[in-house]
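Heads up, the thing below is written out as structure tokens.
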Amino acid sequence: MALARDPLVEARKQLRSAIEILGLDDEVFEALAEPERVIQVKIPVKMDDGRVRVYTGWRSQHNSALGPYKGGVRYHPNVNMNEVIALSMWMTWKNSLAGLPYGGGKGGVRVNPKVLTPGELERLSRKYFEAISDVVGPDIDIPAPDVYTDPQVMAWYFDEYNRIKRGQYFGVVTGKPKDLGGLEARIISTGYGVAVAAREAAVKFLGGIEGKTVAVQGFGNVGYYAAKFLAEMGARIVAVSDSRGGVYNSKGFNIDDVMAAKKREGTVARYEKAEKRVGALEILELDVDILVPAAIEEVITEENASRIKAKLIVEGANGPTTTEAEKLLSERGVIIVPDILANAGGVIMSHIEWVNNRMGGWITDEEAIRKLEAKMSENVKRVVNYWEKKLSSKRPLRDAAYAIAVERVYKAMKLRGVI
Ligand code: NAD
């Protein structure tokens, strides 16, 4: 998904503000405002009709002080170099905050994958990975799925890398299919992590998750699993929506029943056991305890912030709240669990997969999910603790998350003698 503003400008603003909170010198900003390396590659692909089309791709490696670069690859017609660089910077903070031994990286190919045949998609994926094969590797940079890339694409990357290197390096990509060393639990990991983050925040700020009402915007991978697991944890999911609208029921929904309706009808908006329909944006303003935006960026804005009634917002999507809206909400005492904390479940599960691959291990999905839960829960507590001890309660939790993330990277750079 292309971001509306120049995401690199936004990313640098956030970095600047974290550096101010930490009281660090301007040279630290300079050292972190640019990626360590960004490569642009040309990807000639033979199409099914015999013609050759040339695509452009990037891999940005933002920072490696904490370990190998880690981050997904997106295929999108609007992706550009600045977006890839910004996303790689966000991965540095997400990985650092999560306590993983990873730096931040991100890749992108400017392509509309929906118009490619499976054969064209495979050739594009292999050519892209071949083009970046000198700068990736299990100890260097470990790609994973992102927008419009999936386990099958990872399987092609994995095979291409091992063909070139003449080895069996399972840890070169994560998010692989189960039969190639992946974990089935990866599919639930981001949504499950969002649910655990919501539960921890609810325990801290709302007196528990049991019986709390929740609205979830977006019923895709993240929204569906977040809703499903929050319901299992005892919350009442009273509203869900997708791009075509949403539904409300004060008694709460059976999430799998809603999913069955979405599969049948193509949208949750036609689910028959609803008390009323709600619009895609109206769902944000419902009178609920917890709001989980899990669809797209910049939906909570200066314009609608004053009408939001939830006491707790848990960001499943990347960047759903604008800076201006966050300021207004924080002043009113609304707690926002920021994206880099709340939706880190995917990369945490990737780390579990990578460790398992490198040990030649056989971790079970159940064990992996237990590890993910423990890590998410510990991470939320760490951020809340920092926020309570070091920041004013009028400041957003995001400030604490960024300060912790940037400080860990700064310390690693200092220890290495990089700065
Ligand atoms: P997805 O494509 O599976 O689902 C997106 C959902 O949002 C769909 O239900 C879609 O109908 C809905 N939607 C789109 N536009 C909408 C609108 N205007 N109003 C309401 N709903 C709308 O995507 P996903 O993987 O669930 O990702 C959702 C968000 O979470 C994105 O911001 C993504 O970057 C972020 N994220 C995803 C992961 C992951 O592992 N999947 C990890 C971290 C962050």
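The values are calculated or read from the model by the stated rules, or taken from the named source; none is laboratory data. In this text, all values refer to a predicted model and were calculated from it rather than measured experimentally. Every residue, glycine as well, gets a Cβ built from its backbone with ideal geometry; the counts of neighbours run over all protein chains shown. For accessibility, only protein heavy atoms count, side chains too; no ligands or nucleic acids. Shrake-Rupley method; radii C 1.70, N 1.55, O 1.52, S 1.80 Å.
A quick yes/no check of all residues on (1) more than 21 Å from ALA295 (Cβ to Cβ); (2) open to solvent by 40 Å² or more (accessible area, probe 1.4 Å); (3) within 16 Å of the ligand (Cβ to nearest atom):
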| position | (1), (2), (3) |
| --- | --- |
| PRO113 | no, no, yes |
| GLY119 | yes, no, no |
| ARG123 | yes, yes, no |
| VAL135 | yes, no, no |
| PRO138 | yes, no, no |
| ALA155 | yes, no, no |
| LEU183 | yes, no, yes |
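Going through segment 252-311 one residue at a time, which ones are among the basic types (Lys, Arg) and within 16 Å of the ligand (Cβ to nearest atom)?
Here is the first cut: in segment 252-311, the residues among the basic types (Lys, Arg) are 262-264, 270, 273, 276-277, 307, 309, 311.
Answer for segment 252-311, where residues must be among the basic types (Lys, Arg) and within 16 Å of the ligand (Cβ to nearest atom): LYS262, LYS263, ARG264, ARG270, ARG277.
Residue-wise test of (1) within 16 Å of the ligand (Cβ to nearest atom); (2) within 23 Å of the chain's Cα centre (by Cα); (3) not assigned by TED's automatic domain parsing to the domain that holds GLU315.
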position	(1), (2), (3)
ILE348	yes, yes, yes
MET359	no, no, yes
MET376	yes, yes, yes
LYS381	no, yes, yes
TYR402	no, yes, yes
ALA405	yes, yes, yes
GLY417	no, no, yes
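Scanning segment 269-298 for residues that are open to solvent by less than 10 Å² (accessible area, probe 1.4 Å) and touching a residue at least 40 places away in the same chain (Cβ under 8 Å) gives ILE283, LEU284, VAL288, ILE290, LEU291, VAL292, PRO293. In the condition set (1) assigned by TED's automatic domain parsing to the domain that holds SER88; (2) part of a loop (DSSP other than H, G, I, E, B), TYR157 is compliant with all but (2).
Could you say whether any residue in segment 43-66 is modelled with pLDDT of 95 or more, touching a His at 6+ places or on another chain (Cβ under 8 Å) and open to solvent by 20 Å² or more (accessible area, probe 1.4 Å)?
As a first pass, look at segment 43-66 and keep what is modelled with pLDDT of 95 or more: 43-66.
Within this subset, residues satisfying the condition of being touching a His at 6+ places or on another chain (Cβ under 8 Å) are none.
No, every residue in segment 43-66 fails to be modelled with pLDDT of 95 or more, touching a His at 6+ places or on another chain (Cβ under 8 Å) and open to solvent by 20 Å² or more (accessible area, probe 1.4 Å).
When ILE352, ILE404 are checked against the criterion of being of a type in the set (Val, Ile, Thr) and closer than 30 Å to ASP179 by Cα, a single residue qualifies: ILE352.
Taking helices (runs of 4 or more DSSP H) that do not extend beyond segment 333-419, which have at least 3 residues that are open to solvent by 60 Å² or more (accessible area, probe 1.4 Å)?
Details: elements: 339-342, 345-359, 365-390, 397-416.
Filter on segment 333-419 gives 365-390, 397-416.
Just one of the numbered conditions (1) in a loop (DSSP other than H, G, I, E, B); (2) within 21 Å of ASN304 (Cα to Cα) is not true of GLY207: (2).
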